[in-house]
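The values are calculated or read from the model by the stated rules, or taken from the named source; none is laboratory data. Quick caveat, the model's predicted, so the values are computed rather than measured. Glycine also receives a Cβ, built like all others from the backbone with ideal geometry; neighbour counts cover every protein chain displayed.
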Amino acid sequence: MAVLQRTPDVTEQAVQTDGLLRIPITERGTLVRNVDELIRRALTRRNFLVGAGSAAALAAVGCSKTFQPATTPLAPTTTLTDVDYLNFALNLEYLEASYYLIAATGSGLEAADAGNGAGTVTGGAMVPFTSKIQQEYAYEIAQDELNHVRFLRSALGSAAVSAPAIDLENSFNAAASAAGIGSSFNPFASFDAFLVGAFVFEDVGVTAYHGAATLLTSSTNLGAAAGIMAVEAYHAAEIRTLILQAGSTYVGYANQISALRATLGGGNETSLSLTSVVACDPTNAIAYARTTSEVLSIVYATSVGGATSGGFFPAGLNGNINSTTP
Amino acid sequence: MATTETQILDEVIVSSRRRLMMMSGTALAGLMLGNSTKAKAEATLTDADYLNFALNLEYLEAQFYTLANSGQTIDQIGIGIGPGTSATGGGTVIVKPSGAASCKVPFTIPAVASYASEIASEEQKHVNFLRGALGASAVAMPNIDLYNSFNAAAAAAGIGPAFDPFSSDVAFLLGSYIFEDVGVTAYHGAAGLLTVSANLGAAAGILAVEAYHAGLIRTVLWGLDQANPGDGIAATTIKISNLRAALDGTNNDDIGLATAQVSLNTSTANFTASTIVNADANTIAFSRTTQQVLNIVYASPSGAKGGFFPSGLNGNIS
């Protein structure tokens with residue numbers, strides 16, 4: 001696996017091969033006049049193949065159902081870069097790594113992995129595992145998410161944001177209350193409860209990386225994000241399968257969480273059952289994608305527009321993507 | 001802003017498409033995909049070529065799961081397998097001598113039967129989706145072998161002289177294991193090659209679903225292995241993974257079900273973890289080139305046609 005370039009290189013690459021990103025385009029007239037240039041840039045955007053074949057791809061696939069022309073108005077010219085999306089992902093990985101590490105060992109990220117001035121973590125405790133296989137599952141996912149933190153921090157280099165403040169206690173209680181599970185929920189109380197806590201995160205991770213995939217401009221970054229998304233999907237399937245094995249009480253909790261996420265996160269949920277382990281759209285069996293705002297609504301546990309903190313992130317995410325759509 | 005960029009590109013593509021539509025029929029035909037039967041150089045492969053490559057793999061998966069779930073082939077349940085939008089005209093499926101109906105797995109674990117039903121449905125939808133997306137450019141289903149292929153794979157992997165994935169719950173899960181991780185690596189490899197944002201989004205979404213399937217199959221197999229330590233289930237997955245890694249030439253990009261020592265937030269590898277996820281040292285899923293995927297599904301380290309596709313894949317990547 002090719003390792004992501006450190007930040008200065010990523011930035012340079014964006015400037016050199018992806019000038020489109022850096023050009024604030026505010027008029028459609030300009031766009032149309034420069035259509036050929038823009039096509040050229042589009043085709044080289046991700047080290048794309050060039051030549052007639054690619055033009056033909058646009059022609060042929062453009063006729064297909066996969067193509068959906070944009071109808072929404074052009075957004076303001078705030079420039080979000082790959083670094084912003086990767087830092088957004090890093091915040092989510094801090095949350096997941098903290099949850100799993102504390103569940104597995106009783107302690108969270110080490111200072112070297114959390115970054116300078118990292119926020120505090122509220123709540124959490126080692127899960128009282130009752131079998132070896134339970135521990136093996138928890139240890140594996142904890143290591144996986146820690147590896148994601150380390151990978152993204154390394155890839156981002158000096159541009160990496162530090163871990164924000166994370167709440168693993170009040171957040172779960174509030175989510176349980178909002179979902180109708182009860183006035184409190186401690187995901188560290190048992191292995192089965194731990195699975196439900198994990199369920200809160202994993203499907204969201206898939207939708208977040210899926211949503212980001214088409215926004216990344218560097219082919220290397222896209223490849224890494226797609227690979228991390230796949231791992232989150234492995235995790236999600238594992239957790240969903242184990243919750244089914246845990247029995248109907250926990251399946252019920254999971255589906256109450258799922259319903260809450262659907263309310264906050266624009267739908268994009270598949271209720272868990274023996275015949276619906278995979279979370280995907282029922283027509284085409286394609287996994288859901290969420291916008292950063294939809295993801296933030298879920299992790300902030302709020303449907304309020306313009307929210308910048310709440311839920312699992314009492315002081316908000318670090319980085320340029322930290323607000324739900326106003 | 002990247003979302004703006006995506007919208008701009010979409011508009012660019014629309015206007016580009018419209019201009020092409022206005023070109024003469026001959027010129028347009030020359031540009032359209034799927035009209036060339038000659039092998040294309042890697043440099044000229046298009047989105048449609050990669051989507052057709054994926055469609056071949058989805059035909060394979062859909063046939064396997066549908067036969068396991070219901071003892072029928074996908075064309076028997078109304079899914080098109082012909083070229084373009086034609087329902088008929090595709091290749092044939094070789095199954096065990098006792099026939100397609102005998103491929104319905106005699107499930108004894110209700111959950112596994114449910115999983116087979118779900119995955120069959122999802123792979124059928126992937127076939128329909130890709131065929132719909134490709135339209136007239138969709139390739140027909142190639143000839144598929146679900147009998148000799150598994151026997152040869154078992155022999156090559158050192159599992160035994162024969163392997164019938166339709167014979168039991170565990171056999172079915174092991175047959176599934178052969179496919180799902182490969183699907184993940186194939187879509188992962190293709191993701192960076194697609195040029196149209198919408199195609200990339202769809203491919204990423206299918207990639208995630210294949211990873212869900214792989215995670216599901218691996219979790220169930222690991223649980224069965226731990227509950228039945230004498231059955232050698234995990235050992236078999238390791239043999240399959242090793243075979244795939246050997247076929248693709250890397251010998252190091254496939255991890256079977258086992259345990260591994262991890263350090264977590266300490267300095268020593270004191271924690272015994274499972275290996276449900278099939279990923280690299282950074283816990284990023286592996287990626288394979290189309291050639292590496294072909295080597296695996298052809299069961300040939302040199303990429304010679306065979307294995308699950310005795311006549312090769314249809315389309316420009318074969």
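Odds and ends about this structure:
- Top-ranked residue in segment B:153-171 [being part of a helix (DSSP H, G or I) and in contact with a Phe, Trp or Tyr (Cβ under 9 Å, 6 or more places away or on another chain); ranked as nearest to B:V93 (Cα to Cα)]: B:A153
Okay, residues lined up against (1) touching a residue at least 40 places away in the same chain (Cβ under 8 Å); (2) in the same structural domain as A:R150 (by TED's automatic domain parsing); (3) out of contact with any Ser or Thr (no Cβ under 8 Å at 6 or more places or on another chain); (4) surrounded by fewer than 24 Cβ atoms within 10 Å (Cβ to Cβ):
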position: A:F194; (1), (2), (3), (4): yes, yes, yes, no
position: A:S219; (1), (2), (3), (4): yes, yes, yes, yes
position: A:A230; (1), (2), (3), (4): no, yes, yes, no
position: A:A233; (1), (2), (3), (4): yes, yes, yes, no
position: A:I239; (1), (2), (3), (4): yes, yes, yes, no
position: A:A246; (1), (2), (3), (4): yes, yes, yes, yes
position: A:G252; (1), (2), (3), (4): no, yes, yes, yes
position: A:E269; (1), (2), (3), (4): yes, yes, no, yes
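- Extreme residue, nearest to A:F313 (Cα to Cα), among residues of segment A:189-235 that are in a loop (DSSP other than H, G, I, E, B) and out of contact with any helix residue (DSSP H, G or I) (no Cβ under 8 Å at 6 or more places or on another chain): A:A189
- Some residue of segment B:151-166 being touching a residue at least 60 places away in the same chain (Cβ under 8 Å), surrounded by fewer than 24 Cβ atoms within 10 Å (Cβ to Cβ) and not hydrophobic (A, V, I, L, M, F, W, C): yes
- Count of segment A:163-179 residues, restricted to those that are β-branched (V, I, T) and closer than 15 Å to A:A193 by Cα, is 0.
- So A:S273, is it buried (at least 17 other Cβ atoms within 10 Å of the Cβ), at pLDDT 95 or above and of a type in the set (G, A, S): no
- Filter result for A:S162 (of a type in the set (S, T, N, Q) and either within 14 Å of chain B (Cβ to nearest Cβ) or surrounded by fewer than 22 Cβ atoms within 10 Å (Cβ to Cβ) (or both)): yes
- For B:G135: the one exception among (1) out of contact with any strand residue (DSSP E or B) (no Cβ under 8 Å at 6 or more places or on another chain); (2) at pLDDT 95 or above; (3) more than 14 Å from chain A (Cβ to nearest Cβ); (4) over 14 Å from B:A68 (Cα atoms): (3)
- A single member of A:V278, A:V304, A:V295, A:V299 is in contact (Cβ under 8 Å) with a residue 12 or more places away in the chain, buried (at least 22 other Cβ atoms within 10 Å of the Cβ) and assigned to a loop (DSSP other than H, G, I, E, B), and it is A:V278.
- Note on segment A:102-120: among residues that are buried (at least 19 other Cβ atoms within 10 Å of the Cβ) and small (G, A, S), the one that is farthest from the other protein chains (Cβ to nearest Cβ) is A:G119.
- Flag if B:A208 is in a helix (DSSP H, G or I), closer than 26 Å to A:T217 by Cα and out of contact with any Leu (no Cβ under 7 Å at 6 or more places or on another chain): yes
- Among the residues of segment B:282-315, the one identified as farther than 18 Å from B:V139 by Cβ and of a type in the set (D, E, K, R) is B:R288.
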